[in-house]
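The values are calculated or read from the model by the stated rules, or taken from the named source; none is laboratory data. Just so we're clear, the structure is a prediction, and the values are computed from it rather than from any experiment. Here the Cβ positions follow ideal geometry from the backbone for every residue, glycine too, while neighbour counts run over all protein chains shown.
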């Protein structure tokens, strides 16, 4: 290697998930394809985002040696919409990510590891100028809000770039971005060299920085990094993350003796590679960046620090437009270019063009509606849209009102505030409908494309409140040209009508959801239903035989737009899953009282057919049933409705097991086959017995209770049954974590020994509780302090007692799967000279 020249290393992770929230509920609904998790965000957070914040380094027996925060060691960007989800759904991970940026800034001359990202992963070269600016401004503001500093770099969706996009980055104060080596066209030295060198086949040197000058008649520029394409590809597609030795060897391959300057080896991949795409990839990353790097000449850095110390010596020109995941530039998001993921035989992506044409047409129509209506209130509608990110980040009533006052220059009445926010929400959804994943995969029927069509539907729904033109008919006319590769789905219009249209939510859906649910759970006077606040103003229920009638009045307020609706409803429950719910607006106390009393009188004295007639008279023919509830509440109610049947089955299984277990044990002792039917009953009965024991216990860690649980497990083993009890496993996972957290304060020897005894019994249950949270707490609050405790033995006045205390800490660590050999050896050495 070149003498006295330094070798730097940067690993960049692009962490991103598309926004998955229901556009009407602002919550991700249950996604069965992500099972056993609630949704794909939760699944990938469990497999990748959270493990990278507390990544294990283990020995050959998978015992924990160290726990590290990978975000402290890698350059990274995390999509704003993903960060907002993590903030509320994985707060510990979210805090670890923010802490990592602060810690990395301390290590790297004030430069944090995090960089910003354009807001919702829009393909920037395909966006118009207004959207380009809003995407970057929202991305910058979101970053400032979370990380507490101005971003130096920004990640472009799919690294898709053109000159206009880079100009927007410069205008918004961004210093650099990261691109694929195949996006560079030619380079030349900044000083004393007019000769351009062709690098369009990916041959640009990734070991240094480059400068791109704007073609706007100024000397303004943005600096660029080009990641090592070969190594990055190996990480993403060649299972490099399964072997730390090979991973480090490939990183060292990025060094070049011919470079007579400080060089950087930098790679960029999807952050999901480290744990989701490659299981335990996060652990391999930790091992390489904390252990293997010590055997090399690498200095770990981030892009911002390297750029400050190594400004570009070369100018670069780019292929425009281009991206990192489409060989044809940006065809993947607008035409049948041949790039796809998950395509079947003879499939095409001709659907991409009409999909984009439909959305472009809609966007332009929405612009007209926005300018015309927002102009009635706002001094500058487009600058207001750029600043609307402040409301998105803090959707409190006070924030919304202050924002509207600032943007209009006057205090608005509530109805005008609602209109302003609705128009801005229309624009937000108009941008969300361009999220890149809608085009990335193989067919228009994919969940990603359906998701962006839902955003389009929400935008059109809002637009319909400000003008009478039916946008949907023309939108679907264009969309009908997008043919699915799956014949049964037809075209884009068919897919919209089948999967998107039925999901559109009105205020009546929210009311029916609350009304039907109210039969099964007792709501407070005020409660939240997704992004709505419900206030119960009146509620009356009557019962007859197996039926119920409920008449009520509720106020529904959107937490997003502050719009309020005063609604009345009547719900007839015929029994089981048969509901008939009717809804209308409140028109005064006299009318409401009349409707309520008349329906109640009819219910008490007349056949149900007369009640239905009355509902039709007062509310019209439209009605809502169980199928109109939002999916999770629907599933919850169905489970309640079948509970009686489940209890009957449970009783049958328990009786069968109790009556036949004697003969079955004898069959087992004779080494004869136990009937499968009995095994099913036994598995159910024993799981229930274990579950009941734990649920009814005051202390599930009590040794006597655990001995009973072990007895149930032994009974199952005799019959060749392996108990699988998620509820018990979850209960003990929480119990262990809680106990370790309590001990992390000032636990005494007895408390440590008590938990150790409990863990010993829990092991015999074969439940495999999740120890990860308990391990994280133990590592940071107990394990890391053991060296100091051993050192302090020199000053101990009661060394025997203190040694036993430290020994209990280590035994607990052993039970939690830590490698305690080094500390045990230190403890023995420190006390070897003393007779105990």
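Could you identify the single residue in 23, 19 that is touching a residue at least 60 places away in the same chain (Cβ under 8 Å), part of a loop (DSSP other than H, G, I, E, B) and touching a strand residue (DSSP E or B) at 6+ places or on another chain (Cβ under 8 Å)? Step through it out loud before you land on a result.
On the way: 23 fails: touching a strand residue (DSSP E or B) at 6+ places or on another chain (Cβ under 8 Å).
Matching residue, one of 23, 19: 19.
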**Message:** Go through region 695-732 and report how many residues are out of contact with any helix residue (DSSP H, G or I) (no Cβ under 8 Å at 6 or more places or on another chain), over 25 Å from residue 655 (Cβ atoms), assigned to a helix (DSSP H, G or I) and not assigned by TED's automatic domain parsing to the domain that holds residue 750.
**Reply:** 1
**Message:** Quick check on region 667-694: of everything there that is more than 43 Å from the chain's Cα centre (by Cα) and under 17 Å from residue 714 (Cβ atoms), which residue is surrounded by the most Cβ atoms within 10 Å (Cβ to Cβ)?
**Reply:** 674
**Prompt:** What strands (runs of 3 or more DSSP E) lie completely within region 504-587 and have 1 or more residues being outside the structural domain of residue 421 (by TED's automatic domain parsing) and under 20 Å from residue 642 (Cα atoms)?
**Reply:** 547-558, 564-575, 578-585
**Filter result for the condition that a residue is in contact (Cβ under 8 Å) with a residue 40 or more places away in the chain and either buried (at least 19 other Cβ atoms within 10 Å of the Cβ) or at positive phi (or both), over 808, 772, 780** = 808
**Prompt:** With 778, 735 as the choices, which residue is touching a strand residue (DSSP E or B) at 6+ places or on another chain (Cβ under 8 Å), at pLDDT 95 or above and either in a helix (DSSP H, G or I) or not assigned by TED's automatic domain parsing to the domain that holds residue 833 (or both)?
**Reply:** 778
**Message:** Going through 177, 134, 81, 165 one at a time, which residue ends up being buried (at least 21 other Cβ atoms within 10 Å of the Cβ) and under 14 Å from residue 15 (Cβ atoms)?
**Reply:** 81
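So that you can scan it fast, the table gives a plain yes or no per residue for (1) free of Cβ contacts under 8 Å to residues at least 40 places away in the same chain; (2) farther than 22 Å from residue 139 by Cβ; (3) in contact with a helix residue (DSSP H, G or I) (Cβ under 9 Å, 6 or more places away or on another chain):
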site	(1), (2), (3)
373	no, yes, yes
394	yes, no, yes
408	yes, yes, yes
411	yes, yes, yes
416	yes, yes, yes
428	no, no, yes
439	no, no, yes
443	no, yes, yes
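Any idea which of 572, 562 is crowded, with 18+ Cβ neighbours inside 10 Å and at positive phi?
Working: 572 fails: at positive phi.
When all the criteria are applied, what remains is 562.
Considering only region 143-157, state which residues are assigned to a helix (DSSP H, G or I), touching a residue at least 24 places away in the same chain (Cβ under 8 Å) and surrounded by fewer than 23 Cβ atoms within 10 Å (Cβ to Cβ).
145, 146, 147
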**Prompt:** Among the residues of region 94-110, which ones are part of a helix (DSSP H, G or I) and in contact with a helix residue (DSSP H, G or I) (Cβ under 6 Å, 6 or more places away or on another chain)?
**Reply:** 94, 96, 97, 100, 101, 103, 104
**Message:** Based on this model, can you work out whether residue 77 counts as part of a strand (DSSP E or B), modelled with pLDDT of 95 or more and either within 18 Å of residue 164 (Cα to Cα) or under 16 Å from the mean Cα position of the chain (by Cα) (or both)?
**Reply:** yes
**Exclusive hit being surrounded by fewer than 21 Cβ atoms within 10 Å (Cβ to Cβ), in contact with a helix residue (DSSP H, G or I) (Cβ under 6 Å, 6 or more places away or on another chain) and either at pLDDT 95 or above or not in a helix (DSSP H, G or I) (or both), set 476, 497** = 476
**Item:** Positions within region 346-390 being surrounded by 21 or more Cβ atoms within 10 Å (Cβ to Cβ) and closer than 19 Å to residue 414 by Cβ, in sequence order
**Value:** 374, 378, 384, 388
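Rundown of residues vs (1) at pLDDT 90 or above; (2) outside the structural domain of residue 30 (by TED's automatic domain parsing); (3) touching a helix residue (DSSP H, G or I) at 6+ places or on another chain (Cβ under 8 Å), yes/no style:
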position	(1), (2), (3)
647	no, yes, no
663	no, yes, no
670	no, yes, no
674	no, yes, yes
693	yes, yes, yes
**Request:** Could you identify the single residue in 113, 70 that is under 26 Å from residue 394 (Cβ atoms), in the same structural domain as residue 40 (by TED's automatic domain parsing) and touching a helix residue (DSSP H, G or I) at 6+ places or on another chain (Cβ under 7 Å)?
**Result:** 113
**Candidate set from region 703-723 (those that are free of Cβ contacts under 8 Å to residues at least 40 places away in the same chain and either farther than 24 Å from residue 647 by Cβ or under 36 Å from the mean Cα position of the chain (by Cα) (or both)); member that is surrounded by the most Cβ atoms within 10 Å (Cβ to Cβ)** = 705
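For every residue, the table says whether it meets (1) buried (at least 16 other Cβ atoms within 10 Å of the Cβ); (2) touching a helix residue (DSSP H, G or I) at 6+ places or on another chain (Cβ under 9 Å); (3) assigned to a strand (DSSP E or B).
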position: 170; (1), (2), (3): yes, no, no
position: 191; (1), (2), (3): no, no, no
position: 215; (1), (2), (3): no, yes, no
position: 218; (1), (2), (3): no, no, no
